[in-house]
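Right, one structure below, let's go through it.
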Amino acid sequence: MSISRRQVLAGSAVSAAALASGFPAPAIAQSEPIKVGYLPALTGPSSSTGVGINRGVQLSVDLINKEGGIKGRKIELISRDTQSDPTKAVNAVAELTQRAKVSMIFGPVNSGEALAATPLIARDKVPMLHPCWVDSLIDVKKYPMAYRQAPTNTQVGAGANYYVVDVLKLKKVAVISDTTGYGTDSANTYVPMLKAKGADVVYTNHIDAANPDLKPEMLRMQAAGAQAIMPWSVNAGFLSRICNTRGNMGWDVPIVGQTTLGSGQTKALLEKPEYWSKVYSNNFRQVCYANGKLPPKAQEFVERLKAAKIEFGDTLLWWVALGWDAGMMMSDIFKNAGTKNDDIVAYMNKVTKWPGIYGTVTWTPEQHNGFPDSEVVMCAVNSLKDGAFDLAPGYSA
């Protein structure tokens with residue numbers, strides 16, 4: 001291809017102007033970083049999830065950038081700690097979408113913050129990927145650029161309810177939650193589901209997670225004849241107090257509920273190790289032990305974490321794997337679709353059986369919930385090893 005004298009002179013003029021002004025010539029867009037907004041809860045009462053997810057996100061993005069980025073463009077994570085506070089999440093959204101002009105947002109990672117932030121992200125027309133469970137966070141008409149890489153509350157609750165009613169054969173149930181958006185939505189969703197299965201919900205309440213004395217609540221559950229306690233919260237302190245109070249009361253009923261029941265942070269707050277017995281939490285088949293072994297991809301990921309000296313003794317393998325999957329998924333999106341909003345959405349609407357470590361994801365234009373029912377399981381939390389657990393009694397490998 002020949003170059004005209006006019007083109008040479010035009011290029012020389014740009015170079016000369018740059019030299020004369022003291023400013024460099026404009027950067028080539030193809031070499032600029034891809035900006036990704038990131039909204040984890042790294043501090044505050046609901047931070048256990050965010051701390052674990054963050055380790056996986058950082059590991060994946062570091063690897064992507066080390067290997068050359070996306071067609072020569074690095075991923076720039078613009079991270080803002082929501083501090084487990086919906087107001088902080090809302091303030092961060094404006095900064096990320098309007099000032100930083102990010103191409104995509106990952107998070108918030110807790111439903112309470114996501115409930116406040118999602119409408120604003122949708123208003124600013126930025127593609128959004130998140131792992132939050134509250135069902136209403138995905139609505140293709142209200143939030144056409146929002147996608148979930150995790151199960152819904154309905155899927156999670158169905159798994160726990162199935163375990164209590166159909167596997168443990170218990171009918172009288174106490175359902176409690178903390179007072180966050182996630183906690184109240186979960187309890188309000190699961191109580192009707194339990195009743196539809198023929199269970200008798202003998203006690204239910206929303207409790208301040210900072211309440212230091214849960215014995216009055218537990219005594220009411222016991223007096224009502226509860227055969228199982230189902231708590232819904234991501235607050236490790238709150239969940240550990242439930243386990244400790246049950247143990248101190250000598251009340252031998254199973255506790256079945258949210259995954260944070262099995263976190264390293266919850267374990268660290270137990271008064272006695274045996275208070276973790278007969279505690280079963282939600283988990284995910286691809287990151288659970290079956291017959292003493294993790295699935296091959298999960299085992300390979302554990303070895304990667306150990307080699308990178310990534311701490312996961314105080315967290316859960318699935319949280320770290322979810323963060324890793326999010327980074328790798330966004331990398332695939334940018335490689336295949338670029339950074340324009342409409343192109344990103346068009347690509348995400350066609351994702352089919354994306355093979356994550358944490359879970360398999362499929363989206364369509366009509367369905368932005370991507371997690372399969374078959375991968376939602378329960379586990380025995382006192383089997384914790386390398387951040388993962390044995391499938392709960394009653395599950396087949």
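The values are calculated or read from the model by the stated rules, or taken from the named source; none is laboratory data. The shown structure was predicted, so the numbers you read here are calculated from the model rather than taken from an experiment. Please note: Cβ atoms are built from the backbone with ideal geometry, for glycine as well, and neighbour counts cover all protein chains shown. Surface areas here come from the heavy atoms of the whole protein model, side chains and all, with no ligands, DNA or RNA. Shrake-Rupley method; radii C 1.70, N 1.55, O 1.52, S 1.80 Å.
List of remarks:
- The listed residue being in a helix (DSSP H, G or I) and open to solvent by 10 Å² or more (accessible area, probe 1.4 Å), out of Gly237, Gly183, Gly198: Gly237
- Residue satisfying all of: in region 149-171; more than 19 Å from Trp318 (Cβ to Cβ) and touching a strand residue (DSSP E or B) at 6+ places or on another chain (Cβ under 6 Å); least open to solvent (accessible area, probe 1.4 Å) among these: Val164
- Note on region 244-283: residues that are part of a helix (DSSP H, G or I), touching a strand residue (DSSP E or B) at 6+ places or on another chain (Cβ under 6 Å) and modelled with pLDDT under 95 amount to 3.
- Considering region 327-346, the residues that are closer than 19 Å to Tyr143 by Cα and not hydrophobic (A, V, I, L, M, F, W, C) include one that is most open to solvent (accessible area, probe 1.4 Å), namely Lys340.
- Restricting region 294-320 to residues that are outside any helix (DSSP H, G or I), open to solvent by 20 Å² or more (accessible area, probe 1.4 Å) and farther than 17 Å from Met378 by Cα leaves a set whose member that is modelled with the lowest pLDDT is Gly313.
- Which listed residue, of Ala117, Ala122, Ala146, is among the aliphatic types (A, V, I, L, M) and open to solvent by 10 Å² or more (accessible area, probe 1.4 Å): Ala122
- Beta carbons closer than 6 Å, at least 6 apart along the sequence or on distinct chains, pair a first residue in region 381-397 that is among the charged types (D, E, K, R) with a second that is in a strand (DSSP E or B) for Asp390/Tyr289; Asp390/Ala380; Asp390/Ser383.
- Matching entry among Asn248, Asn282, Asn291 (being polar (S, T, N, Q) and open to solvent by less than 40 Å² (accessible area, probe 1.4 Å)): Asn282
- The residues in region 4-60 that are of a type outside the set (A, V, I, L, M), modelled with pLDDT under 50 and either closer than 20 Å to Lys335 by Cα or not in a helix (DSSP H, G or I) (or both) can be counted, and the count is 5.
- When Phe301 is tested against (1) free of Cβ contacts under 8 Å to residues at least 60 places away in the same chain; (2) over 20 Å from the mean Cα position of the chain (by Cα), only condition (2) is not met.
- Residue satisfying all of: in region 267-279; in contact (Cβ under 8 Å) with a residue 60 or more places away in the chain and open to solvent by less than 60 Å² (accessible area, probe 1.4 Å); nearest to Asp178 (Cα to Cα) among these: Val279
- In region 110-151, the residues that are aromatic (Phe, Trp, Tyr), part of a loop (DSSP other than H, G, I, E, B) and either under 23 Å from Phe334 (Cα atoms) or in contact with a His (Cβ under 6 Å, 6 or more places away or on another chain) (or both): Tyr143
- Per-region count, region 209-234, residues touching a strand residue (DSSP E or B) at 6+ places or on another chain (Cβ under 7 Å), assigned to a loop (DSSP other than H, G, I, E, B), closer than 17 Å to Asn110 by Cβ and of a type outside the set (S, T, N, Q): 1
- Filtering region 61-81 to residues that are surrounded by 16 or more Cβ atoms within 10 Å (Cβ to Cβ) and either at pLDDT below 95 or of a type in the set (Asp, Glu) (or both) leaves Glu76, Asp81.
- Counted residues, region 347-390 - those being in contact with a helix residue (DSSP H, G or I) (Cβ under 7 Å, 6 or more places away or on another chain), open to solvent by 20 Å² or more (accessible area, probe 1.4 Å) and either part of a loop (DSSP other than H, G, I, E, B) or aliphatic (A, V, I, L, M) (or both): 3
- Given (1) touching a residue at least 24 places away in the same chain (Cβ under 8 Å); (2) surrounded by fewer than 24 Cβ atoms within 10 Å (Cβ to Cβ), number of the condition Trp324 does not satisfy: (2)
- Among the residues making up region 82-109, those that are buried (at least 18 other Cβ atoms within 10 Å of the Cβ) and either free of Cβ contacts under 8 Å to residues at least 40 places away in the same chain or in a helix (DSSP H, G or I) (or both) are Pro86, Lys88, Ala89, Ala92, Val93, Leu96, Thr97.
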